[in-house]
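Some notes on the structure that comes next.
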Amino acid sequence: MPISLASIIVAAGAGSRLGAGIPKAYITLGNKPLYQWSLEQFDSHEATSQGIIVVPQARTHATDSHLATLGSKHAWNIVAGGEHRWQSTLNGVAASDDSCEWVMIHDAARPFVNHEIIDALLQKRHSFKSAIIATTVVDTVRRYCGDACTETLDRTELARVGTPQLFHRKALLDAFSRAAHMHPVPTDEAMLMEKIGHTTGIAFCNSLNFKITTPTDLAIAEALCESKATLLLGGDRPRLH
């Protein structure tokens, strides 16, 4: 049975730690805005039934104009973000069609998502209504107090959580409806689902699906683009025509 999936890209963050002077999703990486990298992958994936991108209110018209030049497979719905990330995500989920059973939420700051990662996450829908993508922890991780180290944590029981994340649409909307009564409101949708009793599944991917947060992260991403090392992600990245 075909998957009915709304792919939601959250691109509404300010990205102040990057210091670019513009919203992070709009910086240029490889001669195109950062959000376009993710959009191309989700747009070309066969499971996507609907595409939604959540952007700053002031960027809705400019984004619409840019998307019109891409010739994408889907007519992407542009939604204005909220004050906080969870509100931006809620706006995106609320804009998805009732016909979509599942939603996959991705952060535009992770440009190197690919079909292999999306597929790995989709497999978890058979067992969970909430699932996240993650990478293994390879460094030694220790707690500290002040300038002194304390206990060493068992890294075999730890994972670095990222996006995309997959949710049963109705279950997630139900979780959002209860969020106003939670203090504090969980900033991660999987945590929100867990608060109302859902177990979160996990799928692992390689470390190239990293988040661009600092100028150093951006420099690494630019080096990957220039060296064509993104081919390590599982083949040539499809381009929109």
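Taken together, the values in this text are just the output of simple stated rules run on the coordinates, not laboratory data. Just so it is clear, the model here is predicted, and its values are computed rather than measured. Neighbour counts are summed over all protein chains in view; Cβ atoms, including those assigned to glycine, are modelled from backbone coordinates with ideal geometry.
Mean sequence separation of contacting Cα pairs (under 8 Å, at least six apart), scaled by the length of region 1-54, corresponds to a relative contact order of 50 percent. Other residues within the sphere of radius under 13 Å centred on the Cβ of Ala175, judged by their own Cβ, net out at +1 (K and R +1, D and E -1).
Using only alpha carbon pairs under 8 Å that are at least six residues apart, calculate the relative contact order of the chain and give it in whole percent. Intermediate values should be presented prior to the final figure.
Details: 435 pairs, mean separation 56.5, N = 241.
Computed value for the chain: 23 percent relative contact order.
Of all DSSP beta bridges located in the chain, what percent are antiparallel, nearest 5?
On the way: 17 of 38 bridges.
Of those bridges, close to 45 percent are antiparallel.
DSSP finds beta bridges in region 1-86, and of those with both partners inside it, around 15 percent are antiparallel.
Assign one of three labels to region 182-225, namely rounded, prolate or oblate, based on the Cα gyration tensor with a ≥ b ≥ c the square roots of its eigenvalues; rounded applies when a/c is under 1.5, prolate when it is not and a/b is larger than b/c, and oblate otherwise. Since a/c reaches 1.5 but b/c is at least a/b, the shape of region 182-225 is classed as oblate.
Could you please report the charge total around Ala14, scoring K, R as +1 and D, E as -1 over all other residues with beta-carbon less than 15 angstrom from its beta-carbon? Intermediate values should be presented prior to the final figure.
On the way: positive: Arg17, Lys24, Arg59, Arg85, Lys211; negative: Glu83, Asp107.
With Lys, Arg at +1 and Asp, Glu at -1, the net is +3.
Taking the inverse of the mean 1/r over every pair of distinct Cα atoms in the chain gives a Kirkwood hydrodynamic radius of 18.6 Å.
The label point for Ser65 and the one for Asp188, both projected 7 Å from the Cα toward the Cβ, are 3.8 nm apart. Put simply, the convex hull of the Cα atoms in region 1-132 casts, on average, a shadow of 8.1 nm².
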